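Novice: This structure is in structure tokens; I'll ask about it shortly.
Every number in this text was worked out from the coordinates using simple rules, so none of it is lab data. Keep in mind that what you see is a predicted model, and the values were worked out from it rather than measured. Positions of Cβ are backbone-derived with ideal geometry, glycine not excepted, and every protein chain shown enters the neighbour counts.
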Amino acid sequence: MENKGVLVGSIIFVFASFFLMISLLAYESYKAKQMKQLAASVKSEARPTASSLPTQDFSMYKTKIGDEGREMVQIPEGPFTMGSNDGDPDEAPEHQVYLKGFYLDRKEVTQEEYMRFAKMTKRAMPRIEVFDDDQSKVLKPEFPVMSVSWDEAAAYCKWAGKRLPTEAEWEKAGRGESKRRYPWGDKFVTNAANVDGNEDGYKYLAPPGSFDAGRSPYGLYDMTGNVAEWVEDSYDEHYYKKSPFRDPKGPENADLKVVRGGSWRETEHNARLSKRFAAKHWRTDVTIGIRCASDLDQASGGADS
């Protein structure tokens, strides 16, 4: 009888151990699946996936460090094709423009860099008026500054010993001398720019310089997407019909200013390099930021170290 009890107990122990092992394996499998999903989520929030675009060498273009410590790229003198006959009415006519050489920031101004300007000039940091999610998701030092008006953007560039680029300068720096629609070519590539949607790896803003494959012919980052950028020019939808061939400066000063480059909220169609946006000079928006320019012969001066 005693042996029978021991046998029954052993059988129960074996079955209990078996079911426990199966339960542990199922739990570990579930936990591994959850960790995999979490890792995929983090990857989607943090960085874009790889692009098939070829790596380019931009070392032929001269660079300099601006007075505020930011790198600029020299855009060479010469002609380029501005505008488009296949876009919106204010992008036409497609026309030739000749520009003298100039420098343009390689990357968009970050919130950390703008904060230095704000502190030294005793200005308030930009305020986000409208955003449909937790503001902390776009308020990070490494992200591009946004919600700045045209006046604030112009003041930052002046403080840095620079200026806002003209509309023509901005477009040449983005597309080079060809008629390309995007900085990398005519066909949109998902992982080359931060535009609307999560497919590029970012739901909202991305640190400037995150899309190496999307650089312009001169090596500038984020000329399409991330934040759109103020330029110097006032807006006139018919300006291209009467703009001069050499170094156009835009129409007479007006409340409406030009914004270029699309943003993280725009579709790929509206992120075309020839696309023109207009906004009141006092407007602030989570999609608009800053990139500065300077003349080749510009004397040093501007930001304090």
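Novice: Which pairs in the list Lys172/Lys249; Lys140/Lys249; Lys62/Lys241; Lys64/Lys187; Lys62/Lys137; Lys119/Lys158 are over 24 Å apart, alpha-carbon to alpha-carbon? Numbers along the way, then the final one.
Specialist: Numbers: Lys172/Lys249 14 Å; Lys140/Lys249 34 Å; Lys62/Lys241 33 Å; Lys64/Lys187 31 Å; Lys62/Lys137 35 Å; Lys119/Lys158 15 Å.
Table pairs above 24 Å Cα-Cα are Lys140/Lys249; Lys62/Lys241; Lys64/Lys187; Lys62/Lys137.
Novice: Moving to a separate point now. How far, in nm, would the chain grow between His269 and Asn198 when pulled straight, counting 0.36 nm per residue and subtracting the alpha carbon separation? The partial results should precede the final answer.
Specialist: Details: separation 71, 0.36 × 71 = 25.56 nm, distance 1.64 nm.
Contour length minus the Cα-Cα distance gives 23.9 nm.
Novice: With a ≥ b ≥ c the root eigenvalues of the C-alpha gyration tensor of region 66-158, is it rounded (a/c under 1.5), prolate (a/b larger than b/c) or oblate? Present the calculation step by step, with values, prior to reporting the outcome.
Specialist: On the way: a/c = 2.64, a/b = 1.53, b/c = 1.73.
Taking the square roots of the gyration eigenvalues as a ≥ b ≥ c, region 66-158 is oblate.
Novice: In what order do Phe143, Phe245, Phe58 fall by count of nearby beta-carbon atoms within 10 Å, going from fewest to most? Present the calculation step by step, with values, prior to reporting the outcome.
Specialist: Working: Phe143 22, Phe245 10, Phe58 14.
The order, fewest Cβ neighbours first, is Phe245, Phe58, Phe143.
Novice: Let me ask something additional. Rounded to the nearest 0.05, what FRET efficiency do Glu71 and Asp297 have when you use their Cβ-Cβ distance and R0 = 25 Å?
Specialist: Details: r = 19 Å, r/R0 = 0.76.
FRET efficiency, Glu71 to Asp297: 0.85.
Novice: Arrange the following residues from fewest to most other Cβ atoms within 10 Å of their Cβ: Glu167, Glu142, Glu266. Mind showing how you got there, number by number?
Specialist: Details: Glu167 26, Glu142 13, Glu266 21.
Placing the least packed residue first, the sequence is Glu142, Glu266, Glu167.
Novice: How do the peptides 221-232, 79-90, 203-214, 274-285 rank, highest first, by the average count of neighbouring beta carbon atoms within 10 Å per residue? Intermediate values should be presented prior to the final figure.
Specialist: On the way: 221-232: 28.2, 79-90: 16.1, 203-214: 21.2, 274-285: 18.4.
Descending mean neighbour count gives 221-232, 203-214, 274-285, 79-90.
Novice: Sort Asp132, Asp105 so the one with the fewest other Cβ atoms within 10 Å of its own Cβ comes first.
Specialist: Values: Asp132 5, Asp105 26.
With the sparsest Cβ surroundings first, the list reads Asp132, Asp105.
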